[in-house]
Amino acid sequence: MPQRTIMIVGLGNMGGHVLDMMLRRPDSPRIIVAGRDATQLERRANLSVLAATHLGYEPNVDTAVLDVHDIDRTAETLARLRPDIILSTVSLQAWWVVTELPAPILDDLNQAEIGPWLPMQLTLIYKLMQAVRASGIDTRVANAALPDATHKILNSVGLAPTVGIGNVANAIPALRRAGAEVLGEPLSRVTVRLVAEHFATTRLPRKGHADGAPFHFSVYRDGTDVTDTLDVEQVLKTAASRYPRTGGKVGVMLTAASAVTVLDALMSEDEVLVHTPGPLSLIGGYPAWVSSTNVSLALPDSLSLEEAKRINAGGLVHEGIDEIGEDGSVRYGEKHMSVMKRTLGYECSTMRLEDTEAQAAEIAARYAELVRRVRAA
């Protein structure tokens with residue numbers, strides 16, 4: 001099989017972790033890292049290359065200057081480089097940035113959940129997908145920017161990425177290890193399947209429950225569903241008690257690892273079982289079979305597609321998004337938006353896709369003002 005080319009758009013915290021993981025292996029693909037600052041891009045890429053060389057690998061990495069805001073120039077760059085796969089890690093504000101606020105303010109703002117911050121996640125992936133279409137290339141896109149919601153929105157204009165990374169996938173390692181422990185089996189014999197939206201997946205491995213959000217969880221031994229023979233609550237409690245982990249900026253490493261599993265699947269001629277948010281432009285997270293030519297759901301036999309959709313739509317409500325319309329419009333939850341109004345002075349009940357950049361600019365300005373007030377206090 002010819003060597004495939006992966007382009008990583010955005011070489012910040014997330015992209016850097018993915019690059020490091022992809023290069024420290026004997027069969028790493030050709031990788032192009034793309035971003036706005038040529039000097040910073042070259043230095044960060046070289047850091048990963050030199051570290052991999054230290055460990056005995058011979059990676060193949062190039063760089064490309066690319067500003068996602070400039071759709072036409074980005075399209076030209078994509079048409080020239082023709083990556084087989086694009087991993088987009090770009091957003092206007094990483095989700096973990098707010099965790100640097102003082103605890104009382106953070107505790108208050110956290111009640112808004114991530115839904116009202118959607119424009120910060122949606123704006124750049126919208127621009128990138130416009131550039132992908134304009135480029136005319138045949139490529140597959142894996143997206144890190146709240147794929148549980150953004151893919152459904154972007155599908156309204158035919159611009160949904162292929163799959164997402166992180167979120168549902170991040171819950172799997174702890175749940176799988178806990179399932180193996182409760183079963184008393186080696187990890188190699190145990191797999192799990194989880195259908196859940198981002199809200200639930202951030203809580204299940206940490207708390208052992210989903211704070212009331214719906215989800216569907218199955219445990220398999222040697223490919224056979226054995227969930228009915230298990231105390232599922234015990235599996236969830238074991239995951240939370242045995243595998244607490246560092247979160248925030250450092251915890252992005254886990255999302256990067258999930259990205260690598262998805263990238264590997266997208267390069268594979270054979271279907272690989274992964275967990276991915278936003279496959280097939282659906283809301284929320286699913287187990288899926290992914291290959292270089294296909295993406296299909298891998299739902300447990302006990303769960304219909306319609307029920308899976310209801311589970312994920314229900315999770316999205318807990319996130320602060322009551323509904324995503326077929327036209328891509330977003331209706332926010334009143335309770336969650338009231339937190340944004342109280343803490344930031346920002347309010348929006350319904351947002352159209354074409355308004356996302358303006359809404360992002362307003363959120364950014366109001367957040368910057370909050371940070372200034374905090375520092376001045």
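So, of the residues in region 168-205 that are outside any helix (DSSP H, G or I) and touching a residue at least 40 places away in the same chain (Cβ under 8 Å), which turns out to be nearest to the chain's Cα centre (by Cα)? Spell out how you get there, then give the answer.
Of region 168-205, the ones outside any helix (DSSP H, G or I) are 184-186, 190-197.
The next check asks that each one be touching a residue at least 40 places away in the same chain (Cβ under 8 Å); those that pass are 191, 193-197.
Working: 191: 21, 193: 17, 194: 15, 195: 15, 196: 13, 197: 11 Å.
The qualifying residue nearest to the chain's Cα centre (by Cα) is 197.
Select from region 230-258 the residues that are modelled with pLDDT of 95 or more and surrounded by fewer than 13 Cβ atoms within 10 Å (Cβ to Cβ) and write down the one among them that is nearest to residue 4 (Cα to Cα).
242
Going through region 206-232 one residue at a time, which ones are in a loop (DSSP other than H, G, I, E, B) and either small (Gly, Ala, Ser) or in contact (Cβ under 8 Å) with a residue 60 or more places away in the chain (or both)? First the steps, then the outcome.
Taking region 206-232 as the starting set, the residues that turn out to be in a loop (DSSP other than H, G, I, E, B) are 208-215, 222-223, 226, 230-231.
Within region 206-232, 208, 210, 211, 212, 213, 214, 215, 223 qualify.
Of all residues in region 354-377, which are part of a helix (DSSP H, G or I) and open to solvent by 50 Å² or more (accessible area, probe 1.4 Å)?
Filtering region 354-377 down to residues part of a helix (DSSP H, G or I) leaves 354-376.
Passing the criteria: 354, 357, 358, 361, 362, 365, 366, 369, 372, 373, 375, 376.
Name the strands (runs of 3 or more DSSP E) wholly inside region 259-333 in which the number of residues that are surrounded by fewer than 15 Cβ atoms within 10 Å (Cβ to Cβ) and within 16 Å of the chain's Cα centre (by Cα) is 1 or more. Walk me through how you get there before you give the answer.
Numbers: elements: 272-277, 285-290, 295-297, 321-324, 330-332.
Because the criterion is at least 1 residues that are surrounded by fewer than 15 Cβ atoms within 10 Å (Cβ to Cβ) and within 16 Å of the chain's Cα centre (by Cα), no strands (runs of 3 or more DSSP E) in region 259-333 meet it.
Touching a Gly at 6+ places or on another chain (Cβ under 9 Å), among the charged types (D, E, K, R), farther than 19 Å from residue 255 by Cβ and not in a helix (DSSP H, G or I): is that true of residue 67 in this structure?
On the way: touching a Gly at 6+ places or on another chain (Cβ under 9 Å): yes; among the charged types (D, E, K, R): yes; farther than 19 Å from residue 255 by Cβ: yes; not in a helix (DSSP H, G or I): yes.
Criteria met by residue 67.
Looking at region 334-353, which of its residues are more than 25 Å from residue 157 (Cα to Cα), open to solvent by 30 Å² or more (accessible area, probe 1.4 Å) and either among the basic types (Lys, Arg) or in contact with a helix residue (DSSP H, G or I) (Cβ under 9 Å, 6 or more places away or on another chain) (or both)? Break it down stepwise before answering.
Here is the first cut: in region 334-353, the ones more than 25 Å from residue 157 (Cα to Cα) are 334-347.
Add one more test, that the residue is open to solvent by 30 Å² or more (accessible area, probe 1.4 Å), and what stays is 334-335, 338, 341-342, 345, 347.
Answer for region 334-353, where residues must be more than 25 Å from residue 157 (Cα to Cα), open to solvent by 30 Å² or more (accessible area, probe 1.4 Å) and either among the basic types (Lys, Arg) or in contact with a helix residue (DSSP H, G or I) (Cβ under 9 Å, 6 or more places away or on another chain) (or both): 335, 338, 341, 342, 345, 347.
Does region 123-163 hold any residues that are at positive phi, touching a residue at least 40 places away in the same chain (Cβ under 8 Å) and surrounded by fewer than 22 Cβ atoms within 10 Å (Cβ to Cβ), and which are they?
Keep residues of region 123-163 that are at positive phi, which gives 136, 146, 158.
Adding the requirement that they be touching a residue at least 40 places away in the same chain (Cβ under 8 Å) leaves 136, 146.
Answer for region 123-163, where residues must be at positive phi, touching a residue at least 40 places away in the same chain (Cβ under 8 Å) and surrounded by fewer than 22 Cβ atoms within 10 Å (Cβ to Cβ): just 136.
Taking the conditions exactly as written (aliphatic (A, V, I, L, M) and open to solvent by 20 Å² or more (accessible area, probe 1.4 Å)), does residue 34 satisfy them or not? Outline the logic, then answer.
Details: aliphatic (A, V, I, L, M): yes; open to solvent by 20 Å² or more (accessible area, probe 1.4 Å): no.
Criteria not met by residue 34.
Can you find a residue in region 257-276 that is among the hydrophobic types (A, V, I, L, M, F, W, C) and more than 22 Å from residue 14 (Cβ to Cβ)? Walk me through it before giving the result.
Taking region 257-276 and keeping what is among the hydrophobic types (A, V, I, L, M, F, W, C), we get 257, 259-260, 262-263, 265-267, 272-274.
Those left that are additionally more than 22 Å from residue 14 (Cβ to Cβ): 273.
Looking through region 257-276, at least one residue is among the hydrophobic types (A, V, I, L, M, F, W, C) and more than 22 Å from residue 14 (Cβ to Cβ).
Is at least one residue of region 17-29 in a loop (DSSP other than H, G, I, E, B) and either touching a strand residue (DSSP E or B) at 6+ places or on another chain (Cβ under 7 Å) or crowded, with 20+ Cβ neighbours inside 10 Å (or both)? Write out each step before concluding.
Narrowing region 17-29 to residues in a loop (DSSP other than H, G, I, E, B): 24-29.
Cutting the leftovers down to either touching a strand residue (DSSP E or B) at 6+ places or on another chain (Cβ under 7 Å) or crowded, with 20+ Cβ neighbours inside 10 Å (or both) gives us 29.
Within region 17-29, one or more residues are in a loop (DSSP other than H, G, I, E, B) and either touching a strand residue (DSSP E or B) at 6+ places or on another chain (Cβ under 7 Å) or crowded, with 20+ Cβ neighbours inside 10 Å (or both).
The values are calculated or read from the model by the stated rules, or taken from the named source; none is laboratory data. Predicted, not measured: the structure shown is a model, and the values here were computed from it. Positions of Cβ are generated from backbone atoms using ideal geometry, with glycine treated the same way; all protein chains shown enter the neighbour counts. Remember, those area values only see protein heavy atoms, side chains included, never the ligands or the DNA or RNA. Shrake-Rupley method; radii C 1.70, N 1.55, O 1.52, S 1.80 Å.
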